[in-house]
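Have a look at this one.
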Amino acid sequence: MDNKLITPGPDGLVLSDNWSDLRKFRPMPAIDFKRLDGYRKERLRSAMREADVALCILVSPITIRYTVDYNTFPLFQSHIPVTYLFLPLDGPITLHQAFTLASSADSVRPGRPISFFEGGNELPETAKLFADDVVSFLSEIGTTNRKVAVEYVNPSITQALMDRGLEVVDAVSIVEGARVIKSDDEIACIRWACAVAEHGIAHMEASMGPGVTELQLWGLLNYTNLANQGGWHEGRMLASGPRINPWLQEATQRVIEPGDLVGFDTDMVGPFGYFCDVSRTFYYGKEAPSARQKQLYQFAYDELQTNMKLIRAGLSMKDLQASAWPVPEEFRQQAYPALIHGVGMCDEYPQVKPSFRGPVAYDATLEAGMVICVESYIGAVGERDGVKLEEQLLVTSDGYELLSNYPFEERLLG
């Protein structure tokens, strides 16, 4: 091993870091966290009232954070649920099996195993005890309503609840509907998440150079997010050269080369748990990009701009799909799965697919206060290059407001 390649002593990258904390360069927006917390609880309870549900049993780390701002081991919780939340229509919000006490729940109690990791082959029996807890809680809060909504749990719990005479419905549609309209404080959180992401993107772009790998570029975005109290990325979606086509290939140790297109999608759970979902494609090299690279970029840019012009409150999902930019036949097989999708603390309802991918799943309209992403991927089967672009927007009464502001690649638009 060549010891000259090893940095002696403390890591110079961290000790010389005078750039990653965005607060050094711009003020964080004013956010009233107490008001934010109250708004989110009221949105959920309003949706529960409309669904005539007495209790929501929540296990998703995203939903639990939305409800009580609990954010401990969220990735672990996403595949091995341990913590769960009782959200009653009226009564104390109760967190069970919390690893920490940091939340806005009214009380914290012990709980039951709800995953195989915790309960093993005893889950069917512990599910009965869980159902007993639910029935006791309903009595404790003084409700006679026996309708409960359950989010992402194993079937033994659902069966045990039904065996106790409870009506069980899916909580996902309730919480997704509640989260769809953002408050001013939520918008401020999303603006900050986008600013943090774009801070990292600028350093990614500036760091493209000889010997740099895809993962090293991606690491700069991830590092920037963490340095600003952000969370995680849903994937490591950065690809270059021949790996950019087809899309959805995660970053590797491939070294970027002159003439490469370098595309990425942030998919970033940022500060305060809010999502920034922005895509750009860069060109790396001193020579001019090829005519085909510029053509692909122009197609993706046109799709993005055309579909963004459609966005306004009152537009139905079906009309949006029908009026969307017509993707040329040669790009349809590898086109992005969604024209638009909602976003908040993660990708959210609604989603509209291209018409050639099937009908719209929602009989709904865009509403002021929604935050959505508009997507494009253009790449032909068997070709080397492809282009991924995406913008994040706030839907307004008369159109939209951009929340993402990173510039497009001028060399590919020229």
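Every read-out reported here was derived from the displayed coordinates using simple, explicitly stated rules and does not represent laboratory data. Quick caveat: nothing in here was measured; it's all calculated off a predicted structure. No Cβ is skipped: glycine too gets one built from the backbone with ideal geometry, and neighbour counts run over all protein chains shown.
For Ser60, Ser183, what ranking results if the residue with the fewest other Cβ atoms within 10 Å of its Cβ goes first?
Lowest to highest Cβ neighbour count: Ser183, Ser60.
How would the stretch 33-179 be classified by its alpha-carbon gyration tensor: rounded, prolate or oblate, with rounded meaning a/c under 1.5 and the a/b versus b/c comparison settling the rest?
Because a/c hits 1.5 or more and a/b fails to exceed b/c, the stretch 33-179 counts as oblate.
Just order 206-212, 370-376 by mean Cβ neighbour count inside 10 Å, highest at the front, would you?
In descending order of packing, they fall as 370-376, 206-212.
Let me ask something additional. Could you give the C-alpha radius of gyration of the stretch 258-352 expressed as a fraction of 2.2 N^0.38 Å, taking N as the number of residues it contains?
In units of the 2.2 N^0.38 Å rule of thumb, it is 1.27.
Taking every pair of Cα atoms in the stretch 172-290, average 1/r, invert it to obtain the Kirkwood radius, and report Rg/Rh to two decimals.
Ratio of gyration radius to Kirkwood radius: 1.05.
Give or take rounding to whole Å, what are the principal axis extents of the alpha carbon atoms in the chain, in descending order?
Here the Cα extents, ordered largest to smallest, are 73, 60, 44 Å.
Further question on the same structure: In terms of Cα to Cα distance under 27 Å, which lysines are near enough to Lys318, apart from those fewer than 8 places away along the same chain?
Candidates past the 8-residue exclusion: Lys182, Lys309, Lys353, Lys388.
Same structure, new question: Starting from the Cα coordinates of the stretch 164-205, work out the convex hull volume and express it per residue in Å³.
120
In debye, nearest 20, what is the charge dipole magnitude of the chain about its Cα centre with +1 on Lys and Arg Cβ and -1 on Asp and Glu Cβ, if you could check?
In total the dipole reaches around 220 debye.
Also, I was wondering about something else. So if I take the centroid of the Cα atoms in the stretch 56-89 and the same for the stretch 224-265, what is the distance between those two points in Å?
If we compute the Cα centre of each part, the gap is 29 Å.
Right, something else. Which listed residue (Ala149, Gly231, Ile64) has the Cα farthest towards the positive end of the charge dipole for the chain, taking +1 on Lys and Arg C-beta and -1 on Asp and Glu C-beta about the Cα centre?
The Cα lying farthest towards the positive end belongs to Gly231.
Distance between the C-alpha centers of the stretch 312-345 and the stretch 152-187? Whole Å please.
Using only Cα atoms, the two centres lie 28 Å from each other.
When we measure straight from the Cα of Lys286, which lysines land under 21 angstrom away, once same-chain ones fewer than 8 places off are left out?
Straight-line reach from Lys286, under 21 Å: Lys294.
What list of ³J(HN,Hα) values in whole Hz, one per residue of the stretch 88-99 in order, does the Karplus curve 6.51 cos²θ - 1.76 cosθ + 1.60 (θ = phi - 60°) give from phi, with Gly and Pro shown as x?
x, 4, 9, x, x, 6, 10, 9, 10, 6, 6, 6
Can you work out D for the stretch 98-245 in µm² s⁻¹ from Stokes-Einstein, where Rh is the Kirkwood radius over C-alpha pairs, the temperature is 10 °C and the viscosity is 1.306 mPa s?
For the chosen part, D equals 80 µm²/s.
Additional query: I'd like to verify something in the chain: which complete DSSP H helices, judged by Cα projection on the helix axis, reach 18 Å or more and average at least 0.0 on the Kyte-Doolittle scale?
123-140, 184-206, 214-227
Which value in Å does the Kirkwood hydrodynamic radius of the stretch 184-413 take, with 1/r averaged over all unlike C-alpha pairs and then inverted?
17.7
If the cut-off is 18 Å between C-alpha atoms, which lysines fall inside it for Lys147, apart from same-chain ones fewer than 8 positions away?
Excluding near neighbours in sequence, the set is Lys128.
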